[in-house]
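Below is one structure, written out as structure tokens, with a few remarks after it.
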Amino acid sequence: MEWYTAAERFAEALASSDPTPGGGAAAAMAGAMGCGLAMMAVGTTLKRKSTPEELRPRLTQSLKRLAAFKTELKGYIQKDGEAYAAYLTAKKLPKDSPDREKAVQDALLFAAGVPADAASAAMHCLREVEQIKGDVADVILSDVFCAKHLLQACIKCSVESIRANLAFIKNEDRVNELNKQIATFLKAC
């Protein structure tokens, strides 16, 4: 039951009064779990003798793409904490430091960029799941729908993390770019 212990530790870390892990890490975890569930459904389908041979190559390729998305999303769990730490470091610079404002703005862009990257990965994974859901064995299809919901949660929660930083970012071009990304992410849901 090692997986249970790890899940329990992560849930308890989220519940603590520490600022990390926070919403961005939880979003990335939801995305990674969504990818994992989709992988399980595809893997189970591939193990079934009743799965038609013509589906196997497509499902095998899908499994590889899903694994890559899962690895990417898992990386954003830690990067979210790193982004917050970078912001705190920038805010601790002396207020009269000529480097402070740039450091704060760079940290805010990093803090918005991590959930944007997580949402992008989840959006691509969601598209992959949509493409293979008709090929997955009916007996495991409920897990595909759960995977979709988790990926959508990753996208929606990532959008909230992006928005939390937008009000403080002074570069209008980056704000506009992030707002366009948000619209694309939400459309995917």
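Below is a table of values for the structure above.
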quantity	calculated
Residue match in segment 117-129 (condition: of a type in the set (Asp, Glu), in contact with a Pro (Cβ under 9 Å, 6 or more places away or on another chain) and within 25 Å of Met39 (Cβ to Cβ))	no
Criterion (among the hydrophobic types (A, V, I, L, M, F, W, C), in a helix (DSSP H, G or I), open to solvent by 70 Å² or more (accessible area, probe 1.4 Å) and under 29 Å from Glu53 (Cβ atoms)) met by exactly one of Val139, Val129	Val139
Conditions (1) exposed (fewer than 13 other Cβ atoms within 10 Å of the Cβ); (2) polar (S, T, N, Q); (3) in contact (Cβ under 8 Å) with a residue 60 or more places away in the chain; number of the one not met by Thr45	(1)
Pairs, first under 15 Å from Thr184 (Cβ atoms) in segment 150-167, second open to solvent by 40 Å² or more (accessible area, probe 1.4 Å) and hydrophobic (A, V, I, L, M, F, W, C), C-beta under 7 Å, six or more apart	Gln152/Cys189; Ile155/Cys189; Lys156/Cys189; Val159/Leu186
Filtered residues of segment 172-189 (kept if of a type outside the set (A, V, I, L, M, F, W, C) and either within 26 Å of Pro19 (Cα to Cα) or without any contact (Cβ under 8 Å) to a residue 60 or more places away in the chain (or both))	Glu172, Asp173, Arg174, Asn176, Glu177, Asn179, Lys180, Gln181, Lys187
Criterion (open to solvent by less than 20 Å² (accessible area, probe 1.4 Å), touching a Ser or Thr at 6+ places or on another chain (Cβ under 9 Å) and closer than 21 Å to Ser161 by Cα) met by exactly one of Ala103, Ala90, Ala85, Ala118	Ala118
Of all residues making up segment 53-69, the number that are open to solvent by less than 50 Å² (accessible area, probe 1.4 Å), without any contact (Cβ under 8 Å) to a residue 60 or more places away in the chain and either in contact with a Cys (Cβ under 7 Å, 6 or more places away or on another chain) or of a type outside the set (A, V, I, L, M) (or both)	2
Failed item, numbered, when Thr89 is tested on (1) closer than 25 Å to Phe69 by Cβ; (2) free of Cβ contacts under 8 Å to residues at least 24 places away in the same chain	(1)
Extreme residue, surrounded by the most Cβ atoms within 10 Å (Cβ to Cβ), among residues of segment 179-189 that are touching a helix residue (DSSP H, G or I) at 6+ places or on another chain (Cβ under 6 Å) and modelled with pLDDT of 95 or more	Phe185
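Each row is one residue, and each column tells you yes or no for (1) open to solvent by less than 70 Å² (accessible area, probe 1.4 Å); (2) among the small types (Gly, Ala, Ser); (3) at negative phi.
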| position | (1), (2), (3) |
| --- | --- |
| Pro98 | no, no, yes |
| Ala107 | yes, yes, yes |
| His124 | no, no, yes |
| Ile162 | yes, no, yes |
| Phe168 | no, no, yes |
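The values are calculated or read from the model by the stated rules, or taken from the named source; none is laboratory data. Predicted model, so just to flag it, every value in this text is computed and none were measured. Note: ideal-geometry Cβ built from the backbone for every residue, glycine included; neighbour counts use all protein chains shown. Heads up: the accessible areas ignore ligands, DNA and RNA and are worked out on the full protein's heavy atoms, side chains in. Shrake-Rupley method; radii C 1.70, N 1.55, O 1.52, S 1.80 Å.
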